[in-house]
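Only one structure is covered here, and it is reproduced in the block below.
The values are calculated or read from the model by the stated rules, or taken from the named source; none is laboratory data. None of these values were measured; they are calculated from a predicted model. All Cβ positions, even for glycine, are placed from backbone atoms using ideal geometry, and neighbour counts span all protein chains on display. Ligands, DNA and RNA are excluded from the accessible area calculation, which covers all protein heavy atoms including side chains. Shrake-Rupley method; radii C 1.70, N 1.55, O 1.52, S 1.80 Å.
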Amino acid sequence: MVMKQELINKASERQQLCQDIKKMIVERLSLNIDPEWISNDQPLFGRGLELDSIDTLEIAVGLQEVFGATFTDDNMEALGSVNKIADFIEEQRREGHV
């Protein structure tokens, strides 16, 4: 029963992280959409939200300010979707980088 509760808590934390990421993206880029409109696996660039390279920089700076996540040229692929960003933030947290 304890293990089940831990999984529920972890899923809830992940869901909240994804919501916080979406909200940050919408606010940072002044997008005229509801953050809930963005799905967790939707590509942020190209056919997804059709963001560009300037938006990439804005998102990276916003993620560093809000979550403490540091992006470099080597890990920019983590900005591909909300789920990829959440994975990256969780990994940096586990490694003690944020």
Taking the Cα centroid of the stretch 50-69 and of the stretch 1-22, what is the distance between the two, rounded to the nearest whole Å? 24
Using each residue's phi in the stretch 73-79, evaluate 6.51 cos²θ - 1.76 cosθ + 1.60 at θ = phi - 60° and report the 3J(HN,Hα) Karplus result to the nearest Hz, with x for Gly and Pro. 4, 6, 10, 5, 5, 5, 8
Towards the positive end of the charge dipole of the chain, with charges on Cβ (+1 Lys, Arg; -1 Asp, Glu), say which of LEU7, LEU57, LEU31 has the farthest Cα. LEU7
Skip the ligands, DNA and RNA, and give the accessible area per residue of the chain with a 1.4 Å probe, whole Å². 66
Below 8 Å, C-alpha to C-alpha, sequence gap of six or more: please give me the relative contact order for the stretch 43-98 in percent. 32
Estimated vicinal HN-Hα couplings, Hz - the stretch 28-40 in sequence order (Karplus 6.51, -1.76, 1.60; Gly, Pro = x): 5, 9, 6, 6, 8, 9, 7, x, 5, 5, 7, 7, 5
Can you give the local net charge around ARG47? Use residues other than it whose beta-carbon is closer than 15 angstrom to its beta-carbon, Lys and Arg +1, Asp and Glu -1. -4
State, as an integer percentage, the relative contact order of the stretch 1-63 based on alpha-carbon contacts under 8 Å between residues 6 or more apart. 29
